Amino acid sequence: MKLNNVFKNNEAWIQDKLSSDGKYFENLGKGQSPELLYIGCSDSRVTAEDLMGMGPGDVFVHRNIANMVISIDLNVMSVVNYAVEHLKVNHVVVCGHYACGGVKAAMQSADLGILNPWLRNIRDVYRLHKTELNAIENEDKRYDRLVELNVQEQCVNLIKTAAVQKAARDRNLKVHGWVFDVHSGKLIDLKIDFDGILNNIMEIYHLD
Ligand code: CO
């Protein structure tokens, strides 16, 4: 990859945008009001806006290894707080993907140094769903299912936050769990039961 191409590509992109709308960047400079917060994996193959057919201004994006929502990660928690309480997004999406290296690493016995505490959170998802996962004999299928269950548990973690609880009550904010299939390009809605999860966990995690 020639890094110089990045700047050439950028010039071409600017011309492309301006050719269809002369005021494109003038309008972009006025501010943002995205309707969606997307929390996805840093994986280079899972291009947030691109795979959804969305563009600049449409989505507030946070990406980390294996699309985790960890309550003591100041980074993701700041993103959630800002998007929900200030930008007032009405939808929060956790988007995982099959063939996720982070999830794969958490299924293996290896000391990965600084990555250990991060991946520990995925191992916790495995422990929570051990019975279901261990019943799946095919390792690839078990891996795919852990990707899905990890998305579901990160949705649960979102629902544990005061910002999401408040916005769900006040303006009907919803949390969604999706998986991107890198083998086909297809985006799959896991159809997590947002209201059911919310009702279920409020007994213990009710903050607001
Ligand atoms: Co990944």
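The values are calculated or read from the model by the stated rules, or taken from the named source; none is laboratory data. In this text, all values refer to a predicted model and were calculated from it rather than measured experimentally. Glycine also receives a Cβ, built like all others from the backbone with ideal geometry; neighbour counts cover every protein chain displayed. Keep in mind that these areas ignore ligands, DNA and RNA; they rest on the heavy atoms of the full protein, side chains included. Shrake-Rupley method; radii C 1.70, N 1.55, O 1.52, S 1.80 Å.
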- request: Tell me which residues, restricted to region 116-137, are under 17 Å from residue 100 (Cα atoms) and over 19 Å from the mean Cα position of the chain (by Cα).
  value: 116, 133
message: Can you confirm whether residue 92 is more than 15 Å from the ligand (Cβ to nearest atom), outside any helix (DSSP H, G or I) and buried (at least 17 other Cβ atoms within 10 Å of the Cβ)?
response: yes
- prompt: Tell me, which helices (runs of 4 or more DSSP H) wholly within region 101-194 include 2 or more residues that are over 19 Å from residue 206 (Cβ atoms), in contact (Cβ under 8 Å) with a residue 24 or more places away in the chain and open to solvent by less than 20 Å² (accessible area, probe 1.4 Å)?
  reply: 101-106, 115-128, 139-159
query: If you take the residues in region 20-65 that are open to solvent by 70 Å² or more (accessible area, probe 1.4 Å) and among the aliphatic types (A, V, I, L, M), which one is modelled with the highest pLDDT?
result: 65
message: Quick test of your reading of the structure: residue 69 fulfils all but one of (1) open to solvent by 10 Å² or more (accessible area, probe 1.4 Å); (2) more than 13 Å from the ligand (Cβ to nearest atom). Name the failing condition by number.
response: (1)
